Amino acid sequence: MTTNRRNFLRTGAAGAAGLWVGFYLPERSELAAQFGPPAAMNPNAYIHIGADDIVTFMIDKGEMGQGTVTALSQLLAEELECDWKKIRTEFAPVDKTLYGAFQGVVGSASIRSSWNQLRKSGAAAREMLIQAAAQKWAVEPSQCRAENGAVVNTASKARVTYGSVAEAAAKLPIPKNLTLKDPKQFQVIGKAIKRLDTPAKVNGSAMFGIDVRRPGMLYAVVARSPVFGGKVASFDATKAKAVPGVKDVVQISSGVAVVATDTWSALQGRKALEVQWNEGPTASVNSAGISKLYAERAQQPGAVARKEGDAQAGLAGAAKKIEAVYEVPFLAHAAMEPLNCVADVRKDSCEVWASTQMQTMSHDTAVMLTGLKPEKVKVHTMLMGGGFGRRGGVDFIGDAVETSKAVGAPVKVTWSREDDMQHDTYRPSSYAKFAGGLDAQGWPVAWTTHIACPSFAGLRNGIDFAAVQGLDDLVYTIPNIMVDYRVADAGIPTFYWRSVGYSQNTFFAESFFDELVAAGGKDPVESRRRLLGKHPRLLAVLNLAAEKAEWGKPLPAGRFRGVALTNNVGSFTAQIAEVSVNPQRKVRVHRVVCAVDCGQVVNPGIVTQQMQSSIVYGLTAALKGGITIDRGRVQQANFDRYDPLRIDEMPVVEVHLMPSEAPPSGIGEAGLPPIAPAVANAVFAATGKRIRHLPIRAEDLA
């Protein structure tokens, strides 16, 4: 940043060269509601137009590779009518008085939460520029129009660039009554514009959190208890301090930080450090015991999340009854950029540089740990090398702030790959016990689900909404439904993971639905069509996927299809997977046909990329993913035992976008939930074996 944006905003438009404008709309996201309403009359988005015609967009969200910076810029540019080649972007400062009580990237909400306010910001700036040009020419604004970064006098054909009237426009009041474009008029929204962040990432100038360097900066790693919940009993730093380059060893909340002149020396110092741990009760926990705990809890009464009709009576009167138990393991986030943070804590100020999904929470954490006034703490948002929910936490922020405060110097704390994988906050393991009933014609008449898993989003009336999503909102028209939940906690830390509860519950629901209708002799696609009467948009994407995958037509020998769908983050997604199973019982996914309705598409290239990346991430979990516990310790430490999908294992993925003029919905998480059940249902078609446990194992197909 070449401009001190915080001071620039405070001085106001009249005191700065060029035009700035923001438009306020209340934030509607669920997490924003938890953190309180935005500040009154607080601008959420800003545009700065300089005398040199450069347009700078302030982006108040994070960028973790999902294309947010580009798509949000398209919203602004569409109504502003600016020259796309002259756009620049900056990450906005973290400031509750400017951006409201919550600033962050969660729930695939960046575009849908900004759809109206950013377009209105662009429209307001456009109208101010037109009015300034009209005053310059002494004509009515109605005689002028904006196009490609300039205002044109339609009568005289005179033309002025935005930069030449920006300062005059800055002195005008922000218009209140704005007319936004009809979607049929869009010229930027809906176009597959190349991403703004790609050149910098290719040439190496892009700054991720791990790239930050500060004058006089030291480097640190933290020794953490190998058991979750363990605490430092005592430590001896003598050998660690003898390692060349090690400057200090300090105890912080998460363990013992070894501080050195470079990361390698800090790592060597940590190896030499002698620490005695009080491991606590989790030291006796293992994966088999966790599964047993869940199974026992599932037999106990739970809090009812959904109840329609009388499910027990429906089961009792059913012509046929099916029961099944489904289970999934813990999963790590495993982002390519391990966690890291730079903090510079001084007596009267603190600055933090972080690849964070939660700017507000990172700021609040630094305020709490330093005891400084909020205005004395600055958080710089950096690019993220993946997040998937993990960078919504603030433990890595606390590491750096506490360490810098202790040693009195700027410090970069870096997590190794092993730290990142063995001290994650995991996607919960989960256990679901199902029962379903069919009538004499083979159609479902009753459905029950008993869920046991940790609470990771908080309880309300005994229910964790994230633990039941995808089941309590089951999309099929079945007259008798009951879904209940009970907490089962073994002491393993859990948190949001890409698509949250839908990641496991869509696998459960779509697999058991397939199982149920197969027992009734029904086709998987036709049965879904019949029971989706209340969800026309979901039915439409199912039909599109089935058409593009040529459902019902013969496949090459040895290949089979499976289908699954979901409605999450406001989007509607259907996927059909084409798989084979070799004689060694290894599953290979050859093709995935994906259809999605995410409302108005802002950038079809980005949407396609996001659906493909979701499928890669979801396939990794379905075919390989699993965190196991022994003596309270995670058994996987690196990608040798937590193997991602490799390039030669990637299927052909076809993404088909449903045209829509509905407001945009989420996309970053929309493509993940259906892939595991689509593959599992295809495996059943191939082998006759039901996959009720992930990842898919050869022994399940024997």
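What the table below lists for this structure:
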read-out	value
Qualifying positions in the range 192-213 - touching a residue at least 12 places away in the same chain (Cβ under 8 Å) and among the hydrophobic types (A, V, I, L, M, F, W, C)	192, 193, 196, 206, 207, 208, 210, 212
Residue among 533, 562 that is touching a residue at least 40 places away in the same chain (Cβ under 8 Å) and either over 19 Å from residue 444 (Cα atoms) or not in a loop (DSSP other than H, G, I, E, B) (or both)	562
Number of positions in the range 140-158 that are surrounded by 14 or more Cβ atoms within 10 Å (Cβ to Cβ) and of a type in the set (Lys, Arg)	1
Top-ranked residue in the range 221-253 [being over 23 Å from residue 491 (Cβ atoms) and among the aliphatic types (A, V, I, L, M); ranked as surrounded by the most Cβ atoms within 10 Å (Cβ to Cβ)]	221
Yes/no for residue 90 being acidic (Asp, Glu), closer than 19 Å to residue 198 by Cβ and in contact with a Lys or Arg (Cβ under 9 Å, 6 or more places away or on another chain)	yes
Residue under evaluation residue 574, criteria (1) touching a His at 6+ places or on another chain (Cβ under 8 Å); (2) buried (at least 20 other Cβ atoms within 10 Å of the Cβ); (3) closer than 26 Å to residue 71 by Cβ, criterion not met	(1)
Odd one out for residue 598, checked against (1) surrounded by fewer than 24 Cβ atoms within 10 Å (Cβ to Cβ); (2) under 28 Å from the mean Cα position of the chain (by Cα)	(1)
Enumerated strands (runs of 3 or more DSSP E) restricted to the range 255-348, each holding at least 3 residues that are of a type in the set (Gly, Ala, Ser) and surrounded by 15 or more Cβ atoms within 10 Å (Cβ to Cβ)	255-260
From the options 625, 632, residue that is of a type in the set (Gly, Ala, Ser), farther than 21 Å from residue 567 by Cβ and in contact with a strand residue (DSSP E or B) (Cβ under 9 Å, 6 or more places away or on another chain)	625
Residue in the range 45-55 that is touching an Asp or Glu at 6+ places or on another chain (Cβ under 6 Å), at pLDDT below 95 and open to solvent by 10 Å² or more (accessible area, probe 1.4 Å) present	no
Residue within the range 102-122 that is in a helix (DSSP H, G or I), among the basic types (Lys, Arg) and either surrounded by fewer than 23 Cβ atoms within 10 Å (Cβ to Cβ) or at negative phi (or both) present	yes
The range 639-660: number of residues that are open to solvent by less than 50 Å² (accessible area, probe 1.4 Å) and in a loop (DSSP other than H, G, I, E, B)	8
Which listed residue is among the aliphatic types (A, V, I, L, M), open to solvent by 20 Å² or more (accessible area, probe 1.4 Å) and touching a Phe, Trp or Tyr at 6+ places or on another chain (Cβ under 9 Å), from 421, 384, 368, 361	361
Residue 412, sole failed condition from (1) open to solvent by less than 10 Å² (accessible area, probe 1.4 Å); (2) charged (D, E, K, R); (3) assigned to a helix (DSSP H, G or I)	(3)
Yes/no for residue 642 being under 25 Å from residue 544 (Cβ atoms) and among the aromatic types (Phe, Trp, Tyr)	no
Neighbours by Cβ (under 6 Å, 6+ apart or cross-chain): first from the range 118-146, in contact (Cβ under 8 Å) with a residue 60 or more places away in the chain; second open to solvent by 20 Å² or more (accessible area, probe 1.4 Å) and assigned to a helix (DSSP H, G or I)	146/126
Total residues in the range 193-218, condition among the aromatic types (Phe, Trp, Tyr) and open to solvent by less than 40 Å² (accessible area, probe 1.4 Å)	0
Filter result for the condition that a residue is touching a Gly at 6+ places or on another chain (Cβ under 7 Å), in contact (Cβ under 8 Å) with a residue 60 or more places away in the chain and over 28 Å from residue 418 (Cα atoms), over 676, 686, 662	662
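Every residue, every condition in (1) out of contact with any strand residue (DSSP E or B) (no Cβ under 8 Å at 6 or more places or on another chain); (2) at pLDDT 95 or above; (3) closer than 14 Å to residue 82 by Cα, yes or no:
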{"position": "128", "(1), (2), (3)": "no, no, yes"}
{"position": "131", "(1), (2), (3)": "yes, yes, no"}
{"position": "146", "(1), (2), (3)": "no, yes, yes"}
{"position": "169", "(1), (2), (3)": "no, no, no"}
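The values are calculated or read from the model by the stated rules, or taken from the named source; none is laboratory data. Here the structure is a predicted model, which means the values were calculated and not measured. Because the Cβ atoms are built from the backbone with ideal geometry, glycine has one as well, and the counts that use them run over all protein chains shown. All accessible areas refer to the heavy atoms of the entire protein, side chains included, with ligands and DNA or RNA removed. Shrake-Rupley method; radii C 1.70, N 1.55, O 1.52, S 1.80 Å.
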